[in-house]
Structure formats: C-alpha cells, structure tokens
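What follows is a short report on a single structure.
The values are calculated or read from the model by the stated rules, or taken from the named source; none is laboratory data. These figures come from a predicted structure and were not determined experimentally. All Cβ positions, even for glycine, are placed from backbone atoms using ideal geometry, and neighbour counts span all protein chains on display. Side chains included, ligands, DNA and RNA excluded: accessible areas come from the protein's heavy atoms. Shrake-Rupley method; radii C 1.70, N 1.55, O 1.52, S 1.80 Å.
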Amino acid sequence: MSPRTPIPRRIDRCYNIAELRKLAKKNMPAPMFHYIDGAADDEWTMRRNTAAFDAFEFMPRALVDVSKIDMSTTLFGQRIDWPYFCSPTALQRLFHHEGEGATARAAHASGTIFSLSSISSTNIEDAAKLSPGPKVFQVYMFKDRSLSREFVQRAKASGYVALQLTVDVTVSGNRERDIVTGMTVPPKLALMSLLDIAMKPKWVYKHLTTPKIEVANVAHRPPPGSENLGGIIQYLNNQIDRGLTWKDAEWMIKEWGGPFAIKGIATAADAKRAADIGATAVMVSNHGGRQLDFSPAPFDVLDEIAQAAGDRLEVILDGGVRRGTHILKALALGARACSAGRPHLYGLGAGGELGVTKALGILKTELARDMALAGVASLRQIDSSLIRRVGGAR
C-alpha cells in the first residue's frame, strides 16, 4: 500500500483509540470483536490496566526549549523512532483480511518494531518479508521441545532481531465473552453470533475470497485430528508446557543466543531472576487481563520492577496503553518502552493497514505533544521527577 494512500474519512475522524474501537466494533462480527475486546472473569484486570495510570499526575517543567522533540530510543539492539511497539497478537486475519501484513507495514512506517505471534495467520518466513523493519518473534514453551526449537531456529534463520517468551499462559484464562459468542476452541458459534456475522457482508466476502485462515507456523506439520483451525489451536493449547520453569527459560535463552525478553513478569523478584538467567528484557504484563483476573496492572508494579532491574534489563510496560500520556508516565517510572495489543487490533478491525497506521499515528502524535507540554525534549530528560501521585508526593 502506498504511503500516499489517503485515509478514508471514517478512519480519519477517529481522533483517539476509543473511537477506533467503536469503528472496529461496527465493522467486525461480534465474536471477533469481543475476542479482541474481552478479558478474563470479571475483566477487572483489563480495566485496571488503563485506570492505573490515573493515579499519577504530571509536574510540567517550565521554560524548556521543546522546539525539537526526540522520541527515539534503542530496544532489542534496534534504533526506533519512538518508545512503543505492537504486542504480538494471534491470528490477525480473523479481524481483517490484511492481517499481520497490515500491522507489519504500519509498524515499519511508524518507525518501530513489529512483533509476530507464534499463533499467527502468516508464517515466520513470510512475515519476515512483510516489511524491511526490525521484527521480533513471540514463542511459547511447548511440551514437544522439538517444536519450540524449530520455531526458534526458523525465527533466527529469518532474521528476527529478538525473541519473546510468554510465560503467563500455562492454561488459557476464563474469557466468558468468548463462551457467549462461541469463539471457543473448537468454535461453537451461537445463533446470534451467526446472524451477526451474516450482517457483516464485507467481512464475509473477504473471508470467503482470500486464502483460508490457518495457524500458519504449523501448517506444514498438522497433528492428527486437526483438520480445522479450531483443532490446530486446541493442539497448540494442549502443547503449552504447564511444567515450564526457569531452567527451561534459560535453555531457550541459550538456544536463541541474542536479545531475549520474558513476557509476563509481574514482580521485582522475577525480574531479577530473568536477568540472572541471561534475559536482556522483561515485559511487565498480565496478557491484557486475559489470563488471571485481579493480577496487578503493569503500571502499578512498574516502578519496583524497574528499580530491581537497574541497568541489567530493558523494562517494557505491556498493556493498558491508550494515550500518549500513558506512555510518558511509564517512561517516567523507568520503562524503556511500552507495548499493547488492543490499540493496533482496533485499528486493524477499523480499516486494515490504514487503521493500524491511524492507531499508531494517534499514540505517536500524542506522545510528542505531551512531551512538549510537560517540558521534556527527549527521552533522556524523562525521570520520576516528572510525575507524582495525584494530590501528593510520589
């Protein structure tokens, strides 16, 4: 898609992530929208992930030259234009026929990293060719270590710059919206969901006229009895190793031999342990509230994790980000960068690559403006003195 392609008015009028969410809900069948939008149990953690940022206010610095704003940083050994990237998210072609291609191209145009999920609808090798920008690969530890090793070796051979090991999915969380809509594994779509899908003719047309959606990374070795998408996802869910330990993570770090993030860290003690076994980064994350409800919001534990990590790890706040102010607050508490999944998926559902471009553009523009208003011209000038708890000292 040409960078000069005009953004349709319906997307351009989305002036924040919340408006992109509304448009995505309008465009997408209910099961697919609620799969993105929902979370575990009472969804308290999902709400808290964003609400946690409200506990802090800025202490703007006056009379600072902010005529030029520098948001660039280094992450996973890569120079990026701003401190945010899209979290790895599964099966993106379910939400728009452009899928991972839309996200990869938009991420590159925005000057940041693209993350590919193990459970992607584009395989490791093809995704590596989607854009010339840096890419990282997210992986689970499988019971079949040969499958884990294969994924690592394929990512390495395809030029991915870093690996992310997700450790908070020993079992799938209780996502009740998916039960209601039928987005289970295998799918059990309710009559209401089928009717809603029928009311989205554009989505149905693209679904029927583009290649079949599959878990692309295992398409070459389908397990017995997994002739459909649901069966393959069930197979992979059953493959996730509930016995995963630090020793296993250390094995994968050595197998990879490069920048390596452990995704799903929520305590300072675990961050220290990650550094001890050779990880170079931690993603402070609760999987967007989709796993254990009443887990702490990443922002609530960021300060203690960043202090524990010191200079040993790059600390990434993952989840809850909806505004540039959220990114700025996270940087003030020690994050090297932020990531999230729902903003770019709302953009994807709202309008494919143009929607993802809009989502990233919103956050990037907001961050630049917020830095100027707060009196910081570069990320180097951001520290904890920039914020305090609402109504008192930090």
Response to the item:
The pairs in 156/247; 25/358; 143/247; 156/254; 200/364 lying past 23 Å Cα-Cα in this model are 200/364
Worksheet, complete the sentence: A chain fully extended from residue 380 to residue 176 at 0.36 nm per residue, minus the present Cα-Cα distance, gains in nm 69.2 nm
Worksheet item: So what does log10 I(q)/I(0) come out to for the range 294-394 at q = 0.16, 0.24 Å⁻¹, using the Debye formula with one equal point on every Cα and no solvent?
Response: -0.75, -1.29
Worksheet item: Modelled label-to-label distance, residue 388 and residue 272, 7 Å Cα→beta-carbon offset: nm?
Response: 3.0
Practice prompt. Could you run the Karplus curve 6.51 cos²θ - 1.76 cosθ + 1.60 with θ = phi - 60° over the range 281-296 and give me ³J(HN,Hα) per residue in whole Hz, x for Gly and Pro?
Written response: 8, 10, 9, 6, 7, 10, 6, x, x, 8, 10, 8, 5, 6, 6, x
Discussion item. Below 8 Å between Cα atoms, with a sequence gap of 6+, how large is the relative contact order for the chain in percent?
Written reply: 29
Worksheet item: Going toward the positive end of the dipole of the range 42-142, with +1 on Lys and Arg Cβ and -1 on Asp and Glu Cβ, which of 128, 49, 116 do you reach last?
Response: 128
Item to complete: Just name one of 73, 162, 296: the one whose Cα is farthest towards the positive end of the charge dipole of the chain (beta-carbon charges, Lys/Arg +1, Asp/Glu -1).
Response: 73
Worksheet item: Over what distance in Å are the Cα centres of the range 2-68 and the range 320-359 separated?
Response: 7
Response to the item:
With +1 at each Lys and Arg Cβ and -1 at each Asp and Glu Cβ, the charge dipole magnitude of the chain around its Cα centre, to the nearest 20 debye, comes out at 900
Worksheet item: What net charge is computed for the residues neighbouring residue 309, neighbours being all others with C-beta under 13 Å from the C-beta of residue 309, Lys and Arg scored +1, Asp and Glu -1?
Response: -2
Worksheet item: Where in the range 217-320 are there chymotrypsin sites (Phe, Trp or Tyr not before Pro) that are in a DSSP coil and have at most 12 other Cβ atoms within 10 angstrom of their Cβ?
Response: 294
Item to complete: Determine the sum of side-chain charges near residue 267: Lys and Arg each +1, Asp and Glu each -1, restricted to other residues whose C-beta is under 13 angstrom from that of residue 267.
Response: -3
Worksheet, complete the sentence: One quarter of the C-alpha convex hull surface, i.e. the mean projected area of the chain in nm², amounts to 18.9
Worksheet entry | Positive minus negative residues near residue 126 (Lys, Arg vs Asp, Glu; Cβ under 14 Å) | +1
Response to the item:
To the nearest 20 debye, the range 124-197 has a Cα-centred charge dipole, built from +1 on Lys and Arg Cβ and -1 on Asp and Glu Cβ, of 260
Item to complete: Answer with one residue from 208, 387, 317: the one whose Cα lies farthest towards the positive end of the charge dipole of the chain, charges on Cβ with Lys, Arg +1 and Asp, Glu -1.
Response: 208
Worksheet entry | Built amide H within the under 5 Å cut-off of residue 139, gap 5+ | 164, 165, 166
Item to complete: Could you work out how far the C-alpha centroid of the range 261-316 sits from that of the range 90-131, in angstrom?
Response: 25
Item to complete: Would you calculate the separation in nanometres between label points at residue 64 and residue 372, each defined as 7 Å from the Cα along the Cα-to-beta-carbon direction?
Response: 1.4
Item to complete: Quick one: work out the % antiparallel among DSSP beta bridges in the chain, nearest 5.
Response: 20
Discussion item. Tell me the accessible surface of residue 167 in square angstrom (1.4 angstrom probe, heavy atoms of protein chains only), to the nearest ten.
Written reply: 50
